[in-house]
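Single-structure report; data block below.
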Amino acid sequence: MFESNNAQNTKRRFTIILSAVPNGWFSWDFTIFDDHKAIAKIDLAWVREAGKLYLDGSNYRVFREGLLNGSFIIEKEGLVLARAEKPSALIRSYKIDYNNKSYTLEAESALRREFVLREDGQTIGSVRPENAFTKKAIIDLPAEIALPVRIFMVWLTLILWKREEAAA
């Protein structure tokens, strides 16, 4: 369970810790595991910020509305489940709208790959690398957020990790 260190935060959040494992040494496609059971797959597109999520026998499309700008979307059969905006090209963060709530997914610091999820300024979860030398990730996001949207948040994080690797 993830619990904020802020003493003012009395709302407890329950999370299910998941892990994301790349499908190969150089791959940006991932399998999401709950313990040792595969529960989802993320396929990143090669040419643009798009892809597909597969979970519970369903397919979800994830994409950016424009080539260089626009919202990031997760949809199933044409229905938008969540939308993310990148406020600045220079800052590693997203504003995510889901289920009439607003979240911020942002890098914990300029020098780390860990991303934290915040609601109303309170840290409620994270997506972080298993260690400094791997693309494997530990996913600690609130169970109150639907699994496809949590996987969408992981996809958003992976996009920025992929950009950073390409720029290095």
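Do you know which residues across segment 134-165 are acidic (Asp, Glu), out of contact with any Gly (no Cβ under 8 Å at 6 or more places or on another chain) and outside any helix (DSSP H, G or I)?
Of everything in segment 134-165, just one residue is acidic (Asp, Glu), out of contact with any Gly (no Cβ under 8 Å at 6 or more places or on another chain) and outside any helix (DSSP H, G or I), namely 144.
Only residues that are surrounded by fewer than 11 Cβ atoms within 10 Å (Cβ to Cβ) and on the phi > 0 side of the Ramachandran plot: list them for segment 32-72, please.
35, 56, 57
Return a yes/no flag: does segment 15-26 have any residue that is part of a loop (DSSP other than H, G, I, E, B), within 17 Å of residue 163 (Cβ to Cβ) and out of contact with any Pro (no Cβ under 7 Å at 6 or more places or on another chain).
The answer is yes; a qualifying residue exists.
Being closer than 14 Å to residue 158 by Cα and either surrounded by 11 or more Cβ atoms within 10 Å (Cβ to Cβ) or in contact with a Ser or Thr (Cβ under 8 Å, 6 or more places away or on another chain) (or both) is the requirement here; does residue 102 meet it?
no
Can you tell me which condition residue 133 does not meet? The list is (1) among the aromatic types (Phe, Trp, Tyr); (2) free of Cβ contacts under 8 Å to residues at least 12 places away in the same chain; (3) within 22 Å of residue 39 (Cβ to Cβ), and all the others hold.
The number of the failed condition is (3).
Take residue 131 and decide whether it is more than 12 Å from the chain's Cα centre (by Cα) and at positive phi.
No, not satisfied.
Based on this model, can you work out whether residue 159 counts as over 26 Å from residue 26 (Cα atoms) and either under 13 Å from the mean Cα position of the chain (by Cα) or in contact (Cβ under 8 Å) with a residue 60 or more places away in the chain (or both)?
When the stated conditions are applied, residue 159 does not pass them.
Which residue pairs have Cβ atoms closer than 7 Å, lie 6 or more positions apart in sequence or on different chains, and pair a first residue in segment 56-81 that is in a strand (DSSP E or B) and of a type in the set (A, V, I, L, M) with a second residue that is loosely packed, with under 12 Cβ neighbours inside 10 Å and at pLDDT below 95?
If the second residue must be loosely packed, with under 12 Cβ neighbours inside 10 Å and at pLDDT below 95, the pairs left are 73/65.
Does segment 99-133 hold any residues that are in a strand (DSSP E or B), closer than 25 Å to residue 168 by Cβ and among the hydroxyl-bearing types (Ser, Thr, Tyr), and which are they?
Of everything in segment 99-133, just one residue is in a strand (DSSP E or B), closer than 25 Å to residue 168 by Cβ and among the hydroxyl-bearing types (Ser, Thr, Tyr), namely 126.
Given the options 98, 94, name the one that is touching a residue at least 24 places away in the same chain (Cβ under 8 Å), of a type in the set (Ser, Thr, Tyr) and farther than 17 Å from residue 161 by Cα.
Unique residue meeting the criteria: 98.
Can you tell me which residues in segment 83-98 are of a type in the set (A, V, I, L, M, F, W, C) and either assigned to a loop (DSSP other than H, G, I, E, B) or surrounded by fewer than 17 Cβ atoms within 10 Å (Cβ to Cβ) (or both)?
Correct list: 89, 90, 91.
The values are calculated or read from the model by the stated rules, or taken from the named source; none is laboratory data. Since the model is a prediction, treat every value here as computed from it, not as a measurement. Backbone-built Cβ (ideal geometry, glycine too); neighbour counts: all protein chains shown.
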